[in-house]
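Input: a single structure, listed below in structure tokens.
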Amino acid sequence: MVREDIKSFLSTIPNNVTVVAASKYADANDIRTLYDAGITNFGENRVDAFLEKYDSLQSLKLSWHFIGHLQRNKAHKVINKIDCLHSLDSLLLAEKINVLRETPLDCFIEVSVNNEESKNGVKMECVLNSVKECLKYEKIHLVGLMMMAVKNAASDSLDEQFEKLHLLRNEIEEKLHISLPYLSMGMSDDYLIALKHHATHIRLGRILFK
Ligand SMILES: *Cc1c(COP(=O)(O)O)cnc(C)c1O
């Protein structure tokens with residue numbers, strides 16, 4: 001169920017920040033309720049769940065973001081239906097998208113800020129090169145960087161993690177003379193900290209529900 005005070009909750013979020021509702025907790029009805037409250041950007045993690053929701057909600061003017069790990073062998077099922085990919089995490093996936101996609105796709109490179117082997121995402125020291133390589137693909141339109149912070153980290157550690165991504169973005173813009181305007185970071189537990197570090201897109205799940 002969507003929280004009853006959803007509109008007043010949303011009014012606490014700065015106007016220039018895009019709320020992407022993580023729809024893994026939402027069914028089609030919840031999505032309609034969120035849409036009526038003013039959310040138009042939805043992010044799904046899984047291909048099958050995405051396709052189901054996409055089909056049943058065709059009548060709404062939604063922007064669909066894909067925010068979970070996208071397997072290369074499933075990319076063809078979603079790649080021409082989404083408006084934005086937050087989880088571009090390998091050059092092989094970029095290459096695949098370049099073949100499959102009909103028009104340039106807004107993409108965030110997902111960065112493994114803590115270089116955790118277990119996590120998806122490009123390692124900090126490889127991001128500059130990945131951006132460079134992606135610039136060669138005409139169907140990849142890079143708009144920024146994305147990260148997931150370590151769960152339950154202390155707030156000074158979260159500050160550090162989000163600031164790393166912010167500084168990395170600035171460094172890449174300077175070195176490559178390009179613009180990467182967006183930072184997709186911050187979830188229900190940590191979005192207020194992410195906003196201090198210039199998040200432009202916050203991906204909210206549990207906090208939208210009760
Ligand atoms: C589920 C999910 C979110 C939202 O998580 P909450 O903690 O419920 O806000 C954000 N990003 C991704 C990639 C997710 O899978």
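Below are the figures for this structure:
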quantity	calculated
Within segment 22-66, tally of residues that are small (G, A, S), within 12 Å of the ligand (Cβ to nearest atom) and under 22 Å from T12 (Cβ atoms)	4
Tally, over segment 11-40, of residues that are under 15 Å from G186 (Cα atoms) and open to solvent by less than 30 Å² (accessible area, probe 1.4 Å)	6
Given (1) without any contact (Cβ under 8 Å) to a residue 40 or more places away in the chain; (2) surrounded by 21 or more Cβ atoms within 10 Å (Cβ to Cβ); (3) hydroxyl-bearing (S, T, Y), number of the condition S87 does not satisfy	(1)
Residue in segment 92-110 that is assigned to a loop (DSSP other than H, G, I, E, B), surrounded by fewer than 19 Cβ atoms within 10 Å (Cβ to Cβ) and within 16 Å of the ligand (Cβ to nearest atom) present	no
Residue in segment 145-160 that is nearest to V113 (Cα to Cα), counting only those that are more than 10 Å from the ligand (Cβ to nearest atom) and open to solvent by 80 Å² or more (accessible area, probe 1.4 Å)	E160
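Yes/no matrix, rows are residues, columns are (1) within 10 Å of the ligand (Cβ to nearest atom); (2) part of a helix (DSSP H, G or I):
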{"residue": "N170", "(1), (2)": "no, yes"}
{"residue": "E173", "(1), (2)": "no, yes"}
{"residue": "L180", "(1), (2)": "no, no"}
{"residue": "L183", "(1), (2)": "no, no"}
{"residue": "S188", "(1), (2)": "yes, no"}
{"residue": "I193", "(1), (2)": "no, yes"}
{"residue": "H198", "(1), (2)": "no, no"}
{"residue": "I202", "(1), (2)": "yes, no"}
{"residue": "I207", "(1), (2)": "yes, yes"}
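The values are calculated or read from the model by the stated rules, or taken from the named source; none is laboratory data. Only a predicted model underlies this, so the values are computations on that prediction, with no experimental measurement involved. So basically every Cβ, Gly included, is an ideal-geometry build from the backbone, and we count neighbours across all protein chains shown. Remember, those area values only see protein heavy atoms, side chains included, never the ligands or the DNA or RNA. Shrake-Rupley method; radii C 1.70, N 1.55, O 1.52, S 1.80 Å.
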